[in-house]
Amino acid sequence: SPPSATCPFCTLPDARILYRNSSGVVIRDGYPISAGHSLIIPHRHVGSFFALDGVERENLFALL
């Protein structure tokens, strides 16, 4: 889906992004539960990880 001005993850500053690929980004959590707690966020807006296609899931696992 296209970037959204109202989505907090679509408007992340580049300085917050640790890694990226064609399917998503990795950022440190703003409110970490433990040291190093990070988020892997898909570019496409979906309701569930399982709604992503196989290539997107593989690319997000590569970020992990």
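Taking only protein heavy atoms and a 1.4 Å probe, the accessible area of the chain is 61% carbon and sulfur.
In order along the range 22-28, the phi-based Karplus estimate (6.51 cos²θ - 1.76 cosθ + 1.60, θ = phi - 60°) of 3J(HN,Hα) comes to 5, 10, x, 9, 10, 9, 6 Hz; Gly and Pro are listed as x. Scanning residues 5 or more positions from residue 24 or on other chains, those with amide H under 5 Å from its amide H are 43, with H placed 1.01 Å from N in the peptide plane.
Can you give the translational diffusion coefficient of the chain in µm²/s, computed by Stokes-Einstein from the Kirkwood radius over Cα pairs at 37 °C and 0.692 mPa s? Stokes-Einstein gives a translational diffusion coefficient of 265 µm²/s. Solvent-accessible surface of the chain, taken per residue with a 1.4 Å probe and all protein chains present: 72 Å². Based on C-alpha pairs under 8 angstrom that are at least 6 apart in sequence, the chain has a relative contact order of 31 percent. At an R0 of 25 angstrom, the distance between the Cβ atoms of residue 11 and residue 46 translates into a FRET efficiency of 0.85.
The values are calculated or read from the model by the stated rules, or taken from the named source; none is laboratory data. Just so it is clear, the structure is predicted and the values come from calculations on it, not from any experiment. Positions of Cβ are generated from backbone atoms using ideal geometry, with glycine treated the same way; all protein chains shown enter the neighbour counts. Just the protein is used for accessible areas: all its heavy atoms, side chains included, with ligands, DNA and RNA removed. Shrake-Rupley method; radii C 1.70, N 1.55, O 1.52, S 1.80 Å.
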